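Undergrad: Take a look at the following structure, please.
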Amino acid sequence: MTWLTEDGNWRHRKKRRAQVFERDQGICSRCGLDTTTLPLTQWGNIMRVPWNTDLITPLSANGRVELANLRTLCIWCDKRRSRSTSANNWLHQ
């Protein structure tokens with residue numbers, strides 16, 4: 001993810017992701033799936049965790065990159081949310 005932090009840089013991304021995951025205990029905030037029980041997946045040479053950190057209110061809607069605006073999503077809910085957001089953005093352009 002390429003989010004700016006409050007101080008305007010990218011460097012705290014991994015720490016922030018870890019904080020959100022720990023706070024949510026690895027539970028997907030949309031479907032309730034416990035992502036800690038899922039295996040890593042391999043995409044080429046990269047091992048990928050089965051979860052993502054998501055902005056509840058997007059930056060485009062004046063959301064901020066802060067813990068209160070971040071949530072854990074399993075990869076399936078994240079894909080559904082991404083598709084739905086893309087479709088909504090396309091319809092409202």
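Undergrad: For the stretch 30-55, what are the residues that are at negative phi and surrounded by fewer than 11 Cβ atoms within 10 Å (Cβ to Cβ)?
TA: Correct list: 37, 39, 40, 42, 43, 45, 46, 47.
Undergrad: Give me the residue from the stretch 1-29 that is at pLDDT 65 or above and among the small types (Gly, Ala, Ser) and, out of that set, least open to solvent (accessible area, probe 1.4 Å).
TA: Only one residue tops the list, namely 26.
Undergrad: Here's a follow-up. Filter the stretch 33-52 down to residues that are in a loop (DSSP other than H, G, I, E, B), without any contact (Cβ under 8 Å) to a residue 40 or more places away in the chain and either aromatic (Phe, Trp, Tyr) or in contact with a strand residue (DSSP E or B) (Cβ under 8 Å, 6 or more places away or on another chain) (or both), then give me how many there are.
TA: Number satisfying all stated conditions: 3.
Undergrad: List the residue pairs whose Cβ atoms are under 6 Å apart, where the first residue sits in the stretch 53-65 and is in contact (Cβ under 8 Å) with a residue 40 or more places away in the chain and of a type in the set (S, T, N, Q), the second is surrounded by 15 or more Cβ atoms within 10 Å (Cβ to Cβ) and part of a helix (DSSP H, G or I), and the two are 6 or more positions apart or on different chains.
TA: 53/17; 53/20
Undergrad: When only residues in the stretch 68-85 that are over 11 Å from residue 30 (Cα atoms) and either open to solvent by 70 Å² or more (accessible area, probe 1.4 Å) or touching a residue at least 60 places away in the same chain (Cβ under 8 Å) (or both) count, which is nearest to the chain's Cα centre (by Cα)?
TA: By that ranking, first place goes to 79.
The values are calculated or read from the model by the stated rules, or taken from the named source; none is laboratory data. What you are looking at is a predicted structure, and each value in this text was computed from that prediction instead of being measured. Note that we place each Cβ from the backbone using ideal geometry, even for glycine, and neighbour counts take in every protein chain shown. For accessibility, only protein heavy atoms count, side chains too; no ligands or nucleic acids. Shrake-Rupley method; radii C 1.70, N 1.55, O 1.52, S 1.80 Å.
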